[in-house]
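Take a look at the structure set out below.
The values are calculated or read from the model by the stated rules, or taken from the named source; none is laboratory data. Values in this document were obtained by computation on a predicted structure and should not be read as measured data. Cβ placement follows ideal geometry from the backbone for every residue including glycine, while neighbour counts extend to all protein chains displayed. Surface accessibility is based on the protein's heavy atoms, side chains included, excluding ligands, DNA and RNA. Shrake-Rupley method; radii C 1.70, N 1.55, O 1.52, S 1.80 Å.
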Amino acid sequence: MIQLLRSMLTLTAAIAVFSSGPSWAQDTAPSAPTTQAEKVEGVFKSAVIVDGNELFYLRGSSALPASERVANVQDRIIALAETSNTETVVITEDITDAGIVLFANGQEITVVTSSDAELEKMEIVVLAKLQGEAIRDAILNYRSDRSDEARVSGAIDAILWIAGFSLFSFVLIWLRRKLKHRITKVVHRHFADVETATNAQVQAEAIAALIRFGVNFVLLAIFFLGTYYFLSFVLLAFAETRYIAQILLTYVTVPVLNIILGFIRYIPNIITLGVIALMTQYIVKGFRVFFDAVEAGSFDLGDFERHWINPTFNIIRAVVILIALVFSFPYIPGSDSAAFQGLTLLIGAMLSLGSNSVVGNILSGLFVIYRRSTSIGDRIQIGEHVGDVVQIKLMETHLKSIKNELISIPNAQLLNSEVINYTKKVDGSGLLVHTTVGIGYEEPPEKVDAMLIEAAHRTKGLKNRPEPFVLWSALADYATNYQINAYTTRGASIPRIKSDLHRNIVAVFTENHVQIMTPSYIADPAEPKIPDHKWNGQLAHEEQLATAEKAD
């Protein structure tokens, strides 16, 4: 209904504008009864306008500007039209040295000069005849528009427009209320499952409010447009305000018609853009089907890793869309205008000057994805940060630390930093877990080695094959630094494994009454710290087992 009313109003406006006078259909912007002179090719000209209808142009001079000459002619026409209500006007001509003088019912109206004929580019006799007919029609129309029948007809038209506008307003108010309830009902019905799936993170009421706002905005725009045309048509019903109505109608109708005509002219380009969009969509869908098949294992691409599938698809999709934009650019409305080209240059300059770090991170993200050193799920160390890789984006990489913290690392830093990967295996033995303890020189080295190996055997997660081994990392000032080394294949559990290893070292050394000198040493005791007996080759728990066996 709203669309129908809007179409009727627009059509009526166009008919009223383009049928109000012969000259009105040619000029889109009528002037007021007294117009300013317009300079054309070094001379002045101005239009004679009566009741908003342009009759003809007159040429002026420096002695008599066109605006003054036109004002005199308009005043004479109006004065003659108001002096009588007769339905006949007799136009006569008198040829003089100045030109052809035009009379209406014996009263002089204007003089058609050779300059006027030159301006109109026609013979002076023909021009005088045409101007005479225009003057006669203007006088008759002026009288007809101010007759009693015209007044009554204008009042009836105004009343009908008021009634129509009242009905129009009532329909809009009713439609607004109807759509408000309808939108709320439909949105709640369709988004109930979405609210359940997202734990009410997507509120149906918020979506409904947003849609209602858009509908209200459209209805409000239609209401203001209808009000504008309503006022224009009411003014159009009376002769005294008709030229104002014509100006108001032109201010809205001409831009609307230009938009419609421009849209019609761009229909072939729009069809081309639609074809390009459809082709791009189907190409992207084709690549999506292909990579889904690769992910499902239907296609084997050799060393192509699974976590490359989505990034590769996104890159190909972006390239396809960019190519489509390049092909679409000539068909975009306004693409050949200087404003559009200047805007694209401005955007390009802003991107080139302000996005160096962004582009660097994007390129680094591509290298991180495809260089095979890091994959999603790997336990890695970057600087002081240790965590599991949970997501690799174009701009950044997300780690979940061993303390369950989410760490965001820019890809440029990830690319330029040393990365320790605890998950990927270099060979079949696994990672080598190690820790160092300082033991006094008085303890037998063989006993210390045995205790450290025993602690490694007690630690879950460390392999017995290959056998753990001990290295002497340093001969310090007050102790020997022993380094226990053991293999593990559980790279993600290294913090827990190291913690258990330290716990077991302390337990084993306590059982064997051996003091750990790490991390510091205060002073020497009264007796020198040297071995006072030779170790018998057995640890405490082994001696206990042997004693128990003898007792049995």
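With all pairs of different alpha carbon atoms counted, what Kirkwood hydrodynamic radius in Å does the range 392-441 show? Working shown, then result.
Details: mean 1/r = 0.0705 Å⁻¹.
With all distinct Cα pairs of the range 392-441 included, I get 14.2 Å.
Between the listed residues 392, 413, 469, the Cα displaced farthest toward the positive end of the dipole of the range 377-508, a dipole computed from Cβ unit charges relative to the Cα centre, is found at 392.
Of the residues 299, 246, 258, the one whose Cα sits farthest toward the positive end of the charge dipole of the range 199-318, with +1 on the Cβ of Lys and Arg and -1 on the Cβ of Asp and Glu, is 246. Listed values for the range 50-55 are Karplus-derived 3J(HN,Hα) couplings in whole Hz (6.51 cos²θ - 1.76 cosθ + 1.60, θ = phi - 60°), namely 10, 6, x, 9, 6, 8, and x replaces Gly and Pro.
In this rough spin-label picture, where each label sits 7 Å from Cα along the Cβ direction, the residue 432-residue 266 distance is 7.0 nm.
Counting only protein heavy atoms and using a 1.4 Å probe, the accessible area of residue 549 comes to about 140 Å². Here residue 180 is the anchor, and no lysines lie within straight C-alpha reach of less than 25 Å, apart from those fewer than 8 places off in the same chain.
Bridging of residue 460 to lysines at a Cα separation below 17 Å is possible for 498, once same-chain residues fewer than 8 apart are set aside. Exposure check, 1.4 Å probe, all protein chains in place: residue 62 carries approximately 120 Å² of accessible surface.
For the range 249-316, with all protein chains in place and a probe radius of 1.4 Å, 70% of the accessible heavy-atom surface sits on carbon or sulfur.
Quantify, in whole percent, the carbon and sulfur part of the accessible surface of the range 387-503 (1.4 Å probe; protein heavy atoms only). List each step's numbers first, then the result.
Working: 3180 of 6310 Å².
Here it works out to 50 percent.
Here is the list for the range 65-159: GluC sites (Glu not before Pro) lying in DSSP coil, each with at most 15 other C-beta atoms within 10 angstrom of its C-beta, are 87, 123. Taking every protein chain into account, the accessible area of the range 52-96 amounts to 56 square angstrom per residue (probe 1.4 Å).
Solvent-accessible area of the range 75-160 (1.4 angstrom probe, protein heavy atoms only): carbon and sulfur portion equals 52 percent.
Computed from phi, the 3J(HN,Hα) profile of the range 292-299 under the Karplus parametrisation 6.51, -1.76, 1.60 (θ = phi - 60°) reads 5, 5, 4, 5, 6, x, 5, 10 Hz, with x in place of Gly and Pro.
Please compute the per residue accessible area over the range 426-509 with all protein chains in place, 1.4 Å probe, rounded to a whole number of Å². Walk me through the numbers before you get to the answer.
On the way: 4110 Å² over 84 residues.
On a per-residue basis, the range 426-509 sits at 49 Å².
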